[in-house]
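Written out below as structure tokens is the structure these notes cover.
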Amino acid sequence: MLPPRLYLPVNMLAQPDETTCGPTCLHALYRYWGREELLQDIIDRTGKFERGGTVAVFLACDALQQGFQATIYTFNLTVFDPSWFFGKVDIAERLLRQRAEKIDDQRVQEVTAGYVEFLRLGGRLRLTDLTRYLLHGLLRRRWPIITGLSSTYLYRAMREYGPKDDADDIRGTPGGHFVVLSGYDRPARTVQVADPYGPHPYGPARDYWLSIDRVVGAILLGIVTHDANLLIVQPPGGRRP
């Protein structure tokens, strides 16, 4: 039976700039599992785009290269076809074929190599229903969850425009973000969010509690920015999701 409340001690630092939320979340998970290293070292070696920012698979590849296990639950149908997860399908082969066909889709071109490397390194991909029960089930195993989601929906913020991501409700587009889910309160129907960004609308602390339905919606809407995923990082020998 699930306990009514759970809190995992994730110590989140402030992200150094607008594009380093992902490595900062990964740093917090490494510390949770007892690995101490400089945040800047993780930022320097984590895969990123030329224009800045990263995606979960680049974080997962770093974890695998450091000897951790990594599992990605993906809800990003712009990259993955649901049929690939049923039967004996070579997902890496499908990804490479898709990249050859979708030559005008820049993000598919950018992330394919990362996913192929992730699978080569032993990473696991999962497709399942995103529900509060999934989040509860992962957290009760004491696995903090890195999630790529829509910050626009999470914060109910204006969309972003331009190289500095200025708030602009007319010209703007939705923004993506990484946070760590680190606890839940079942009676209140909330989850604890460890957030490297600040200032955010939920107070001065890095940790805050938010409706689990809001968080589920933000994760699914992360598909707009090629996020929409959960990343579980575990030390070697841990039970896999």
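Residues that are under 30 Å from ASP105 (Cα atoms) and in a loop (DSSP other than H, G, I, E, B) were ranked within segment 208-241; the one that is farthest from the chain's Cα centre (by Cα) is HIS226. Under the condition of being of a type outside the set (Lys, Arg), farther than 16 Å from GLN106 by Cα and either modelled with pLDDT of 95 or more or touching a helix residue (DSSP H, G or I) at 6+ places or on another chain (Cβ under 9 Å) (or both), the residues counted in segment 73-94 number 13. For segment 132-164, a residue qualifies if it is aromatic (Phe, Trp, Tyr) and either surrounded by fewer than 20 Cβ atoms within 10 Å (Cβ to Cβ) or under 13 Å from HIS177 (Cα atoms) (or both), and the qualifying residues are TYR133, TYR153, TYR155, TYR161. Whenever a residue of segment 114-132 is within 13 Å of GLN69 (Cβ to Cβ), its partners that are among the polar types (S, T, N, Q), lying with C-beta atoms within less than 6 angstrom and at least six residues away or across chains, give the pairs ARG124/THR71.
Within segment 74-96, residues that are surrounded by 15 or more Cβ atoms within 10 Å (Cβ to Cβ) sit with their Cβ atoms under 6 Å from residues that are assigned to a loop (DSSP other than H, G, I, E, B) and among the aromatic types (Phe, Trp, Tyr), at 6+ positions apart or across chains, in these pairs: THR74/PHE80.
Does segment 73-89 include one or more residues that are of a type in the set (S, T, N, Q), assigned to a loop (DSSP other than H, G, I, E, B) and within 15 Å of PRO196 (Cα to Cα)? No, every residue in segment 73-89 fails to be of a type in the set (S, T, N, Q), assigned to a loop (DSSP other than H, G, I, E, B) and within 15 Å of PRO196 (Cα to Cα).
ALA70: more than 22 Å from GLY198 (Cβ to Cβ), outside any strand (DSSP E or B) and in contact with a helix residue (DSSP H, G or I) (Cβ under 6 Å, 6 or more places away or on another chain), yes or no? The answer is no for ALA70. In this structure, is GLY162 touching a residue at least 24 places away in the same chain (Cβ under 8 Å) and of a type outside the set (Asp, Glu)? For GLY162, the condition - touching a residue at least 24 places away in the same chain (Cβ under 8 Å) and of a type outside the set (Asp, Glu) - is not met.
I'm trying to understand the selection: among the residues of segment 183-196, which are touching a helix residue (DSSP H, G or I) at 6+ places or on another chain (Cβ under 8 Å) and buried (at least 24 other Cβ atoms within 10 Å of the Cβ)?
Those that are touching a helix residue (DSSP H, G or I) at 6+ places or on another chain (Cβ under 8 Å) and buried (at least 24 other Cβ atoms within 10 Å of the Cβ): TYR184, VAL191, VAL193, ALA194, PRO196.
Select from segment 157-202 the residues that are more than 19 Å from ASN11 (Cα to Cα), out of contact with any Gly (no Cβ under 9 Å at 6 or more places or on another chain) and of a type in the set (Gly, Ala, Ser) and list them in ascending order. ALA167, GLY175, ALA188, listed by residue number. Selection over segment 45-67 of residues that are assigned to a loop (DSSP other than H, G, I, E, B) and aromatic (Phe, Trp, Tyr) gives a count of 1. Scanning segment 170-211 for residues that are of a type outside the set (Ser, Thr, Tyr) and free of Cβ contacts under 8 Å to residues at least 40 places away in the same chain gives ILE170, ARG171, GLY172, ALA188, VAL193, PRO199, GLY203, PRO204, ALA205, TRP209. When segment 12-34 is limited to residues that are among the polar types (S, T, N, Q) and farther than 17 Å from VAL193 by Cβ, the one that is surrounded by the most Cβ atoms within 10 Å (Cβ to Cβ) turns out to be THR20. The number of residues in segment 12-34 that are more than 15 Å from the chain's Cα centre (by Cα) and without any contact (Cβ under 8 Å) to a residue 40 or more places away in the chain comes to 3.
The values are calculated or read from the model by the stated rules, or taken from the named source; none is laboratory data. Owing to the predicted nature of the structure, the values given are computational and were not obtained by experimental measurement. With ideal geometry, Cβ positions are generated from the backbone for all residues, glycine too; neighbour counts draw on all protein chains shown.
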